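Following: one structure in C-alpha cells, then a few remarks.
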Amino acid sequence: MTELSLPRHWLFLRGLSRESGHWQPFVDDCAARLGWQCHTLDLPGFGSEHQRRSPLTIAEIRSDLQQRFALPDDEPFGIVALSLGGMVALDWLQAEPQRIRQLILINSSSGDCPVWQRLQPRALPQVFRGLVSRHISTQEQAILKMVSNHHGNNAALLGRYVELRNQYPIQRRNVLRQLWAASRFRAPHTLPADRLLFLASRADHMVSWQCSQQLADRYQAPVALHQSAGHDLPLDDPDWLIQRFEDIAGKE
C-alpha cells in the first residue's frame, strides 16, 4: 500500500521514435474507465516536436518535458511510460520526488541490463529494415512487426501509423540520437519502491522482460508479467494493463 494517494493527473510517455498519437485509443480508455486526467507529451524530436533536434541524454529529454508540461507546480502527478519513456520517467522521479506520486513502467530497461537484453538479437532484422528503407510504409511495417505480437499484419493500424508519419516526419538522425541517449542511461541507484510498478511482456521480441525484472529487483518494487503480448503492451492487451492500473487504485 502506498503512503501517498494516487494522483488525478497522469502523463503518458512513449518510447523510441514514437509519438503521443501511438497511445490512442489507450489513453482515452484510461480516462473513461479510471477517471484519470490524462496528458501526453511528445519527446523532443518526434511528433509535434519533430522539427527539433533530439537531445543526447535522457536527463536533457526529461528537462525538456519538465519545461513543457503545463501542470501547476504544486499539482502532483503520475507517469505511465513505455520503453525509453520509462528511462525518462525514472530520471524524472529522481529529479522531482516531491511531485511524482507513481510511475508505471512498461517494458522499460536501463544501461545496467546487458545489451542483448535491451535490444534482443531477433529484433535486429526489423530494426535494420526500418532504418535503411526509404519508404515510410516499409519502415512502419517493420516497426509494427517488431513491437506487436497481435497486430503485426493489421492493415488499418499500419495505415494510421503511416498517416502519423506523414503528419510528423521522422528525422533519422533523431532516432540515432535517441538510441545514443538510451545507451548511456543508467537508472538511479535508489528510488522509493512504493511509487513504482513494473509491467512487462514475456513474449516481447524487442526488449527482454528480464530488464524490467532487474529494475524491479533493484528497487524492491512490484512487477507483473504478461505471457503473450509484444513490446507495445498497450496495443496488444490494453484491458490487461488497465486492470493492473485498477489494482493499484484498489490498494489505497
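The values are calculated or read from the model by the stated rules, or taken from the named source; none is laboratory data. All values derive from a computational prediction rather than experimental measurement. Methodologically, a virtual Cβ is constructed for each residue, glycine included, from the backbone with ideal geometry; neighbour enumeration extends over all protein chains shown. The accessibility values were calculated without ligands, DNA or RNA, using every heavy atom of the protein model including side chains. Shrake-Rupley method; radii C 1.70, N 1.55, O 1.52, S 1.80 Å.
Screening Arg244 with (1) closer than 28 Å to Phe46 by Cα; (2) in a helix (DSSP H, G or I); (3) touching a strand residue (DSSP E or B) at 6+ places or on another chain (Cβ under 6 Å) gives one miss only, at (1). Taken over the stretch 162-178, the criterion of being open to solvent by less than 70 Å² (accessible area, probe 1.4 Å) and over 18 Å from Val132 (Cα atoms) is satisfied by Leu164, Tyr168. Within the stretch 103-146, being among the charged types (D, E, K, R) and open to solvent by less than 50 Å² (accessible area, probe 1.4 Å) holds for Arg118, Glu140. Does any residue of the stretch 83-96 turn out to be open to solvent by less than 10 Å² (accessible area, probe 1.4 Å) and assigned to a strand (DSSP E or B)? No, there is no match, as no residue in the stretch 83-96 is open to solvent by less than 10 Å² (accessible area, probe 1.4 Å) and assigned to a strand (DSSP E or B).
Going by the structure shown, is Gly45 part of a helix (DSSP H, G or I), touching a residue at least 40 places away in the same chain (Cβ under 8 Å) and within 20 Å of Glu140 (Cβ to Cβ)? Steps first, answer last, please.
Working: part of a helix (DSSP H, G or I): no; touching a residue at least 40 places away in the same chain (Cβ under 8 Å): yes; within 20 Å of Glu140 (Cβ to Cβ): yes.
The answer is no for Gly45.
Taken over the stretch 215-232, the criterion of being open to solvent by 20 Å² or more (accessible area, probe 1.4 Å) and under 19 Å from Ser110 (Cβ atoms) is satisfied by Asp217, Arg218, Gln220, Pro222, Val223, Ala224, Leu225.
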